1. How high is the FRET efficiency from Tyr234 to Lys165, r the C-beta distance, R0 51 Å, rounded to 0.05?
2. Please give the length that would be gained between Glu178 and Thr305 if that part of the chain were fully extended, namely 0.36 nm times their separation in residues minus their C-alpha to C-alpha distance (nm, one decimal).
3. Inverting the mean 1/r over all pairs of different Cα atoms, compute the Kirkwood radius of the stretch 106-181 and quote it in Å.
4. Loop-only check: which chymotrypsin sites (Phe, Trp or Tyr not before Pro) in the stretch 182-289 are DSSP coil with at most 12 other Cβ within 10 angstrom?
5. Just the ratio, please: alpha-carbon radius of gyration of the stretch 220-290 over 2.2 N^0.38 Å, N its number of residues.
6. How large is the translational diffusion coefficient of the stretch 156-274 in µm² per second when you combine the Kirkwood radius over alpha carbon pairs with Stokes-Einstein at 25 °C and 0.890 mPa s?
7. Return the FRET efficiency for the residue pair Thr135, Asn110: r is the Cβ-Cβ distance, R0 is 25 Å, and the value is rounded to the nearest 0.05.
8. Measure off 7 Å from each Cα along the Cα-to-Cβ vector at Thr196 and Gln271, then give the distance between these two points in nanometres to one decimal.
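Read-outs: derived from the displayed coordinates by stated rules, not from any lab. Because the structure is a prediction, the values reported are computed rather than measured. Don't worry about glycine lacking a Cβ; one is built from the backbone with ideal geometry, like all the others, and counts go over all protein chains shown.
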Amino acid sequence: MKELKALLAASGLDIGGCVEKADLEALLRSFETTRQRPLEELQESCAAGGGGRPATKDECARYLLSSGLGRRRPTTAPTPSPTASTKVPEDASATSSARNGNLAVEEEVNQLLLLRRDGFPDAAAWGFAFLRVQTQDVATVQQRYRAMMRMLHPDKVGHLPRVAKAVELLREAKELCERKLSRTVAPGQPRDLGSTTLCSEPGRRRYKLQWLAPEERDGAPVHRYVVSVVDPAYGRALTVTVLEPDYSEELRRYIPIAELGSYVLAEEELQKMPSVFQQKVATVQVVAANDAGQSASATVKVPLTVALPAKSLLAEMHAPNVIGSASTKMSSAHAAALQRILGGQQQASPSPTGRDNKRAAAPKAKATAVANALKPQAKAKKARTLGMARRCGLL
């Protein structure tokens, strides 16, 4: 292959249009065959093609091959020698066949150049018509492209402006068809969407959302995830965040789409959506998306009123038996109500008399006293106070 290219380059021939080894060999054979012809005949052929009368056979052969005239013969052939008499009919037949082939290619080129894009519904339809494709699939498009490129190869038709324009349009038609057939589609739905409560304190509630990537499909890549929350004030889902691959300053590395499978929903970051956290349950949606569109939404119901366990209650109070002290996080109304209940239980005796009878009230009366003490506050705070009292064994 390299030797052929070197030999052709040394002869001054253009090998830019040669793709395979067979093309190089055909070009070399054509050059050697053309050089066998008489100089005067070559000069007449060059002059007929507008190339003047070169001084040497090599110059004539190079011009004729570059202009596509290398296989043409004059109408008046020289008198053949006896040894070559049997070859004349074959050469004449080859010349006639080549001429007919060139005419067929020229006619094909003319028809291709007459195809206007504005006469088709879209660019891809023009591309399929240009390639003469009947079955619209990638394999057929590539097969037709290779066949037409062989037909319009410069070694067969020469370096003609109209042919070069047809080749340019042929490449463009192939790209349009492949783009149409290889178009991406929207990805599938995220899988196994769930939530975990990180903090249930009103005003600071945080929930971690986790999901798995959609099932892999050809032509359906995931470029980003969109997290939305249904806001009852608007009656529809509003986008909270869009997760895309990006560089993380905290981790000091690039985060690919494969690692984007979680998000923390924080109440403090959604202060413009107060109605969301006034519900008992929030509806969260996650969709996968790419340039072609987005998937169906994966939905999860996130409970917003989660009761704290007894251990968490004591941890929130920081220490046992410090209700009402300076170290507690409870409000003064809570502390005062629970302190009265606790004091009543500590001072109760088996035989109550006088003042003790008033303090030794039934649990229901104690609960009523707590509720009355908390009337100015919201119902949520009342329920929380009663719950804490029951967990501490005060009721």
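1. Efficiency computed from Cβ-Cβ geometry: 0.35.
2. Result for the pair: 40.3 nm of gain on full extension.
3. After inverting the pairwise mean of 1/r, the radius is 12.5 Å.
4. Tyr234
5. Here the answer is 1.26, to two decimals.
6. 131
7. It comes to 0.45.
8. 2.8
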